[in-house]
1. Please work out which one of (1) part of a helix (DSSP H, G or I); (2) touching a strand residue (DSSP E or B) at 6+ places or on another chain (Cβ under 7 Å) is the condition residue 370 fails and give its number.
2. Would you pick out the residues in the range 52-74 that are in a helix (DSSP H, G or I) and surrounded by fewer than 16 Cβ atoms within 10 Å (Cβ to Cβ)?
3. On the basis of being over 22 Å from the mean Cα position of the chain (by Cα), surrounded by fewer than 20 Cβ atoms within 10 Å (Cβ to Cβ) and part of a helix (DSSP H, G or I), does residue 77 make the cut?
4. Where in the range 211-289 are there strands (runs of 3 or more DSSP E), lying fully within it, with 2 or more residues that are within 16 Å of the ligand (Cβ to nearest atom) and crowded, with 21+ Cβ neighbours inside 10 Å?
5. Being more than 30 Å from residue 214 (Cα to Cα) and either loosely packed, with under 15 Cβ neighbours inside 10 Å or within 16 Å of the ligand (Cβ to nearest atom) (or both) is the filter here, so list the residues in the range 361-385 that pass it.
6. Name the helices (runs of 4 or more DSSP H) wholly inside the range 90-192 in which the number of residues that are exposed (fewer than 14 other Cβ atoms within 10 Å of the Cβ) is 1 or more.
7. Looking only at the range 118-131, filter to residues that are under 16 Å from the mean Cα position of the chain (by Cα) and within 11 Å of the ligand (Cβ to nearest atom); which one of those is nearest to residue 199 (Cα to Cα)?
8. Could you check the range 301-342 and list, in sequence order, the residues that are free of Cβ contacts under 8 Å to residues at least 40 places away in the same chain, under 24 Å from residue 64 (Cα atoms) and part of a loop (DSSP other than H, G, I, E, B)?
Ligand code: 9MR
C-alpha cells in the first residue's frame, strides 16, 4: 500500500524538563504521515455513542446552541440519540447570561436544560469565570472595590438558578497563560487584576455553596502535546491544582479542552498518560470537555482527511480513557454543520472543515467510529458519574 507523507512542520523537538517521558517518546517519534489504508476503524454493532458510553459508566456529549434546537429538528434528533450530556456553547457566558449588572437572562440556557431533561441527558455549565466574552458593562464598571461582590453575586445567582440540575460546572476557564510571564502562570485577566490570585479559590467556594452536588471543574486548553508550550502549560496547571487542593478549595475535576491539531506531531502517549495520572493522584476527576481538531493543513481529499482526523481522535482517546479518573468525553459540537472552526480556523483551500463525529448531513464519519471504538475498548467504570 502506498504511504503518502504530508510532513507538517514537524520542527525541531527542543527538550524542556519532563526528561524521562520525552526520552521514551523520542524513540517512538515518527513523521506525520498518511494513515495506512490498513488501519482499521470498524465498529461492531449499531449502538449510539451515548449507549456505548453508558454501557461503560461514562458520559459522551457535545456543545450546542439553543437556536440550533429551535431551528433544526434533524440535528436535535441526532443530539438526543448520540449524547447523554450536553453543554451550552455560549448561553451561560457572561455576555449572554448577564447583559447588564442587574439583569440575568436565563431563557436560552433554560431551553437547553429542558431539552436535556426531556431526553434524559445531563448538562454541563460553561463557564462562570473567563476573561473572554464579557459584556461591555464589565469593562466600564469593574473596579477593585466592587469586583468581589460582582463576581460573587454572579456565581451565586447563576449556580443557584441551576442547582441540582447541572452535572458539572466549568467554574474557572483558561486561567493559565504561560505567555503572560508570571511565575504562577496566571493569566493577566480582569479578575486577576482586580482580585489577585485568590479569585480562583473564591469562585470555587461560592459555586460549592450554591450547588453542593455539582462537579466543580477547572477547564483549560493546551495540555495535549509534548511541545515546550504544552509541557509548561501542564506544569503550571498541575501547580495550580496542587495549590487549590492544599488550600482546601472545593475543586473536583480538571476539564481538558482537547482542541487538537493533527498537524502537530508531538502527541506523546506516555507523557500525556503521566500527566493524567498526576491529576488523578490529586483525587480529581478528569473530563475531556471540548474535543475537536484544527485541520487546516490536512489534505483536501476527504477520505484521507477523515482517516487522519479519526486516527488522531482514537490515538488521543485511547490514552485518555485508559485513565480511570476520566469520566466524560465531550466534542465541541456534534455535526460539521455547526462548528466554531469553520469561521475561527477555516481551511486555506476553502473546503468545508470536517472535525466532528457527524458530517453536515448528520451521517456518521470515521471520527464517530474513532470515538465509538475508544469507548468500546475502555474499561467499565462503576457507575455513571
Ligand atoms: O465555540 C464558541 C464560540 O461560538 C464563541 O463565539 C466563543 C466565544 O464565546 O467561544 C467558543 O467556545 C470556546 C469555549 O467557550 C472555551 N474554549 C475554547 C472554545 C473555542 O473558542
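Read the figures in this text as sums done on the coordinates, not as results from a lab. Only a predicted model underlies this, so the values are computations on that prediction, with no experimental measurement involved. Because the Cβ atoms are built from the backbone with ideal geometry, glycine has one as well, and the counts that use them run over all protein chains shown.
1. Every condition holds for residue 370 apart from (2).
2. Correct list: 55, 67, 70, 71, 73, 74.
3. Taking the combined requirement at face value, the residue satisfies it.
4. Strands (runs of 3 or more DSSP E) meeting the threshold: 215-220, 253-256.
5. If the condition is that a residue be more than 30 Å from residue 214 (Cα to Cα) and either loosely packed, with under 15 Cβ neighbours inside 10 Å or within 16 Å of the ligand (Cβ to nearest atom) (or both), then 361, 363 are the ones that fit.
6. 107-118, 136-141, 147-161
7. So the residue we want is 130.
8. Residue satisfying the conditions is 336 alone.
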